[in-house]
Amino acid sequence: MGLFDDLGRFLETRIDEFLKDNPQLELQALEEKLYEQEQETRRLLADLRLREKQVEAEILTTAQDIQRWHVRIEKARSAGRKDLAEPAEAHEASLLREGNQKWGQMQVLKERIQQTEELQRKMQIRRQEVQAELKQVKTAQATQAEQGWAVDGWNQSFSDTNKAADPLERKFQQWETQEELNEMKRKMGK
């Protein structure tokens, strides 16, 4: 396993170095990651809202059940039927506890929805910032490339002009070089 760990660390280091040398790639990876997280947050938000609607429906159903049992309790009391009224009251109390639990669930869901919406807004802002940085890096790289090409292109065309000078230029360079060599020989001979 040590070999795989070493290889993994080596590759991570090389990737980190590569990304540092190519900041646009690092920004593109970050932008893509933010986009994926934003999509995941949207799915989570949709799930939370769906669950909120379900809990709201459950609360409404429970409230209707409570009303129905409340009416039954009143009927049983009016008729003097304690044997029905007391168990109905216990059932109504149970429904009230259930309703309170569902209400608490809905409040938690509302808070999570609010937090998720805030997180989504922050991710959108960060993604826009990364996109702006990426645009700046690409613009800077394009400008550098144009400037580099302009200088290199001028230098190359200038040096090419010198290199591809007419044969007369070459002949003079050869003659001048030969003359310098002859002069050096003469001086050494003295």
* To do: Could you list, in sequence order, all residues of the range 67-83 that are under 19 Å from LEU96 (Cβ atoms) and among the polar types (S, T, N, Q)?
  => GLN67
* Residues of the range 90-122 being of a type in the set (Val, Ile, Thr) and touching a Lys or Arg at 6+ places or on another chain (Cβ under 8 Å), which ones? -> ILE113
* To do: Select from the range 20-69 the residues that are free of Cβ contacts under 8 Å to residues at least 60 places away in the same chain and under 16 Å from the mean Cα position of the chain (by Cα) and list them in ascending order.
  => LEU25, GLU26, ALA29, GLU32, LYS33, GLU36, GLN39, GLU40, ARG43
* Would you mind finding the one in THR62, THR41 that is within 30 Å of ILE113 (Cα to Cα) and in contact with a Ser or Thr (Cβ under 7 Å, 6 or more places away or on another chain)? => THR41
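Rundown of residues vs (1) modelled with pLDDT of 75 or more; (2) among the small types (Gly, Ala, Ser); (3) surrounded by 11 or more Cβ atoms within 10 Å (Cβ to Cβ), yes/no style:
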| position | (1), (2), (3) |
| --- | --- |
| GLU89 | yes, no, yes |
| GLY99 | yes, yes, yes |
| ILE113 | yes, no, yes |
| LYS135 | yes, no, yes |
| GLN147 | no, no, no |
| THR161 | no, no, no |
| ARG170 | yes, no, yes |
| LEU181 | no, no, no |
* Evaluate the following for GLN131: is it of a type outside the set (Val, Ile, Thr), surrounded by 12 or more Cβ atoms within 10 Å (Cβ to Cβ) and either modelled with pLDDT of 80 or more or not in a helix (DSSP H, G or I) (or both)? => yes
* So, in the range 127-137, of the ones that are charged (D, E, K, R) and touching a helix residue (DSSP H, G or I) at 6+ places or on another chain (Cβ under 6 Å), which residue ends up farthest from TYR35 (Cα to Cα)? -> GLU133
* Do the conditions hold for GLU117, that is, is it within 17 Å of ALA63 (Cβ to Cβ) and of a type outside the set (Ser, Thr, Tyr)? -> no
* May I ask you to list the residues in the range 78-128 that are outside any helix (DSSP H, G or I) and touching a residue at least 24 places away in the same chain (Cβ under 8 Å)? => none
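The values are calculated or read from the model by the stated rules, or taken from the named source; none is laboratory data. Quantities reported herein were computed from a predicted structural model and do not represent experimental measurements. Every residue, glycine among them, receives a Cβ derived from its backbone with ideal geometry; neighbour counts consider all protein chains shown.
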